[in-house]
Amino acid sequence: MKMAFQARPEAERVAALRAAEAKGFALLDAIEAELLVPGKSEKQLEDEIRALAADRFGATAHWHKRIVRSGPNTLCIYDENPPDRVIGADDIGFIDIGPVFDGFEADIGRTIVLGGDADKRRLLADMEDAFAEGKRHLAENPSISGREFFRYIQGLAERRGWTYGGVIGGHVVGEFPHKHLPGERASFYISPENAAPLDTPDALGQRQHWILEIHFVDRRRGFGGFMESAITLD
C-alpha cells in the first residue's frame, strides 16, 4: 500500500510525538493501576487494554500488536507468540503498547515486578539505569550507526550481568504508519543490519526520531524484562 506523506515542520512533529507519548504513558499508568492483577491471563489483559485504550483514551488504532508477557514468556521477542499464560502473584511481566493518537505513533514498554524477588527487582533497576545511559550515549554520539548503537546496548546488559534478549535495540517512530515511508527498511532499526548514522534524515528530509528498547534476560532463571520509549524528543 502506497501512502502519501509530506514533510512537516520539525517543531510540529516533535510536539505531536510528545503529546502521543504522554497519552501512551497515561494509558500505561491506567493499565498498571486498574487492570494488572495476578490470576488474569495475558490474553485477557491484552483484550482489556484494547477496550480501555478505545473507551477512555480514544485510541482505536495501534501501529503494532499489544503485548503482555509474564514469567518465562518475558524471554520472547516481539515476533514470537508464546502460549497464553496466567499472571502469578510473584511474577515479573511487561506490557508493550503502540497506540496512535492524532495520526502519530506512541511506543511504550514497561516492566512490572509483582512480589519481592530481589533478582527481578534488580533487573528492573538495572534496565532503568541502562536506559538512561543509552539515551545519554546517543545524545553525545548522534552520528553513531544503528549497528554500533546496537552493540553498545548489548554491552549495557553484559556489564550488569544480564544477557540482551532482543534482536533489535529500537526503531524509528513518527507519523502513522512510519513503516510505509520510502527508504530501506533496515534504516528504520537499531540493529546489526543498519550501517547508517542514526542522525541520517528520512526520505522526506526530516529528522528521524528513535525509540530505545531495553530487553534484559536471565535465561538460567527463565525471566526477563523490557522497557522502551522515545529518546530524541528532548
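Tell me whether region 149-159 contains one or more residues that are over 30 Å from residue 91 (Cα atoms) and either touching a Phe, Trp or Tyr at 6+ places or on another chain (Cβ under 6 Å) or in contact (Cβ under 8 Å) with a residue 24 or more places away in the chain (or both). Show your work before the answer.
Taking region 149-159 as the starting set, the residues that turn out to be over 30 Å from residue 91 (Cα atoms) are 149.
Subset that is either touching a Phe, Trp or Tyr at 6+ places or on another chain (Cβ under 6 Å) or in contact (Cβ under 8 Å) with a residue 24 or more places away in the chain (or both): 149.
Scanning region 149-159 turns up at least one residue that is over 30 Å from residue 91 (Cα atoms) and either touching a Phe, Trp or Tyr at 6+ places or on another chain (Cβ under 6 Å) or in contact (Cβ under 8 Å) with a residue 24 or more places away in the chain (or both).
Among the candidates 191, 229, single out the residue that is polar (S, T, N, Q) and within 22 Å of residue 68 (Cα to Cα).
Values: 191 fails: within 22 Å of residue 68 (Cα to Cα).
Exactly one residue qualifies, and that residue is 229.
Of the residues 30, 59, 20, only one is assigned to a loop (DSSP other than H, G, I, E, B) and surrounded by 13 or more Cβ atoms within 10 Å (Cβ to Cβ); which?
Working: 30 fails: assigned to a loop (DSSP other than H, G, I, E, B); 20 fails: assigned to a loop (DSSP other than H, G, I, E, B).
Testing whether each residue is assigned to a loop (DSSP other than H, G, I, E, B) and surrounded by 13 or more Cβ atoms within 10 Å (Cβ to Cβ) leaves just 59.
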Practice task
Name the single residue, out of those in region 211-221 being surrounded by 21 or more Cβ atoms within 10 Å (Cβ to Cβ) and out of contact with any helix residue (DSSP H, G or I) (no Cβ under 7 Å at 6 or more places or on another chain), that is farthest from residue 135 (Cα to Cα).
Solution key: 215
Practice task
Being in contact with a Leu (Cβ under 9 Å, 6 or more places away or on another chain), surrounded by fewer than 20 Cβ atoms within 10 Å (Cβ to Cβ) and among the small types (Gly, Ala, Ser) narrows it down to one of 196, 203, so name that one.
Solution key: 203
Handout entry: Odd one out for residue 224, checked against (1) touching a residue at least 60 places away in the same chain (Cβ under 8 Å); (2) out of contact with any Phe, Trp or Tyr (no Cβ under 9 Å at 6 or more places or on another chain); (3) surrounded by 15 or more Cβ atoms within 10 Å (Cβ to Cβ); (4) among the small types (Gly, Ala, Ser)
Key = (2)
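I'm checking my understanding of the structure. Among residues of region 36-52 that are more than 20 Å from the chain's Cα centre (by Cα) and assigned to a helix (DSSP H, G or I), which one is farthest from residue 67 (Cα to Cα)?
The initial filter retains those residues of region 36-52 that are more than 20 Å from the chain's Cα centre (by Cα), namely 37-41, 44, 51.
Filter once more, keeping what is assigned to a helix (DSSP H, G or I): 44, 51.
Working: 44: 11, 51: 14 Å.
Among residues in region 36-52 that are more than 20 Å from the chain's Cα centre (by Cα) and assigned to a helix (DSSP H, G or I), the one farthest from residue 67 (Cα to Cα) is 51.
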Handout entry: Pairs with Cβ under 9 Å, 6+ apart, first in region 177-189 and closer than 16 Å to residue 145 by Cβ and small (Gly, Ala, Ser), second part of a helix (DSSP H, G or I) and at pLDDT 85 or above
Key = 186/146; 187/146
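When you scan region 67-115, how many residues do you find that are in a loop (DSSP other than H, G, I, E, B) and on the phi > 0 side of the Ramachandran plot? Working first, answer last.
Initially, region 67-115 is screened for residues in a loop (DSSP other than H, G, I, E, B), giving 76-85, 87-91, 98, 102-103, 106-107, 114-115.
Checking the rest, the ones that are also on the phi > 0 side of the Ramachandran plot come to 102-103, 115.
Of the residues in that region, 3 qualify.
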Problem - Positions within region 156-187 being hydroxyl-bearing (Ser, Thr, Tyr) and crowded, with 16+ Cβ neighbours inside 10 Å, in sequence order - result: 164, 187
Problem - Where residue 68 falls short, out of the listed (1) modelled with pLDDT of 95 or more; (2) surrounded by fewer than 20 Cβ atoms within 10 Å (Cβ to Cβ); (3) not polar (S, T, N, Q) - result: (2)
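Here is a check on your reading of the model: is residue 190 surrounded by 14 or more Cβ atoms within 10 Å (Cβ to Cβ) and in contact with a Lys or Arg (Cβ under 8 Å, 6 or more places away or on another chain)?
Values: surrounded by 14 or more Cβ atoms within 10 Å (Cβ to Cβ): yes; in contact with a Lys or Arg (Cβ under 8 Å, 6 or more places away or on another chain): no.
Criteria not met by residue 190.
Name the residues in region 179-195 that are of a type in the set (A, V, I, L, M) and either within 19 Å of the chain's Cα centre (by Cα) or modelled with pLDDT of 85 or more (or both), would you?
Kept after step one, since they are of a type in the set (A, V, I, L, M), are these residues of region 179-195: 181, 186, 190, 195.
Residues satisfying the conditions are 186, 190, 195.
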Handout entry: Long-range neighbours under 9 Å by Cβ, at least six apart or interchain, first residue under 18 Å from residue 139 (Cβ atoms) within region 192-206, second surrounded by fewer than 14 Cβ atoms within 10 Å (Cβ to Cβ) and at pLDDT 95 or above
Key = 197/142; 197/143; 198/142; 198/143; 199/142; 199/143; 200/143
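The values are calculated or read from the model by the stated rules, or taken from the named source; none is laboratory data. No experiment lies behind these values; they were computed from the predicted model shown. Note that we place each Cβ from the backbone using ideal geometry, even for glycine, and neighbour counts take in every protein chain shown.
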